[in-house]
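As structure tokens, the structure follows; a few thoughts come after it.
The values are calculated or read from the model by the stated rules, or taken from the named source; none is laboratory data. Keep in mind the model is a prediction, meaning the values are calculated, not measured. All Cβ positions, glycine included, derive from the backbone under ideal geometry; neighbour counts span all protein chains shown. What goes into the accessible areas is simple: the full protein's heavy atoms, side chains included, and nothing from ligands, DNA or RNA. Shrake-Rupley method; radii C 1.70, N 1.55, O 1.52, S 1.80 Å.
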Amino acid sequence: MSSRSPRVRGRRAKRELAVRRQRLAAGEGVALPCKARRTTSRGWGEWVDGRLRLPSAEGGEASFVVNDPTEVALVTRQGAAPVPLDPPHEVRVRPVRYRTEAFHGSDAEIIVVTSERRVVELALPPDEVEPVARRLAQLPVPADPDEG
């Protein structure tokens, strides 16, 4: 049983949200709660709860960390955890099309990240969609170790 009142938990959640959005806007490394699913030419998988980890502006790898490790196969065929969002990739934003993906309302948007190896859709709160899409699109392409 928690000793904290709902009022204290609500204030703490608001503070955490404000800090998260501030870090996102400042280009700092941040982990954002979201839902993700893998899509293929045969359809799409189930939505999975987790966190999108964005690196700082200095570089690093963006990835999706599944909350329940038993669900990682729903997001990636390779079974790697966390699921990397490999650059180079295409990032686009599309409107919610179905009620089952309207986690943040029917007028919300979904980020679609397409790389050579996978297509992942990300559902985030409306205020985070554009900044996250922009940050994902600006991720640097890692240097090829075979090129010298």
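Toward the positive end of the charge dipole of the chain, with +1 on the Cβ of Lys and Arg and -1 on the Cβ of Asp and Glu, the farthest Cα among L52, F103, V66 is that of F103. Residues considered: L122, L52, L17. Largest GNM mean-square fluctuation over the chain, using C-alpha springs under 10 Å, is found at L17. Among P84, P125, P69, the largest mean-square fluctuation in a Gaussian network model of the chain (Cα springs under 10 Å) belongs to P69.
When 1/r is averaged over all different Cα pairs and the result inverted, which Kirkwood radius in Å belongs to the chain? Don't skip to the end; give the middle numbers.
Working: mean 1/r = 0.0612 Å⁻¹.
Across the chain, the inverse of the average 1/r is 16.3 Å.
Over the range 1-143, with the other protein chains present, what is the accessible area per residue in square angstrom, probe 1.4 angstrom? The partial results should precede the final answer.
Working: 8740 Å² over 143 residues.
Accessible area per residue: 61 Å².
Taking Lys and Arg as +1 and Asp and Glu as -1, the other residues whose beta-carbon sits under 13 Å from that of W44 total +4.
Restricting to Cα pairs below 8 Å that are 6+ residues apart, what does the relative contact order work out to for the chain? Please round to a whole percent.
Numbers: 247 pairs, mean separation 29.4, N = 148.
Relative CO of the chain lands at 20 percent.
Per DSSP H run of at least 4 residues, take -39500 (n - 2.57); add these up for the chain, divide by its residues and hand me the 222 nm value, nearest 500 deg cm²/dmol.
Working: 2 runs with 33 residues, N = 148.
That calculation yields -7500 deg cm²/dmol at 222 nm.
Of the whole protein surface, K14 contributes about 150 Å² of accessible area at a 1.4 Å probe radius.
When the chain is treated as a GNM with alpha-carbon contacts under 10 Å, the residue of E46, E61, E116 showing the greatest mean-square fluctuation is E116. Shown for the range 1-121: the carbon plus sulfur share of the solvent-accessible area, taken with all protein chains present and a 1.4 angstrom probe, equals 49%.
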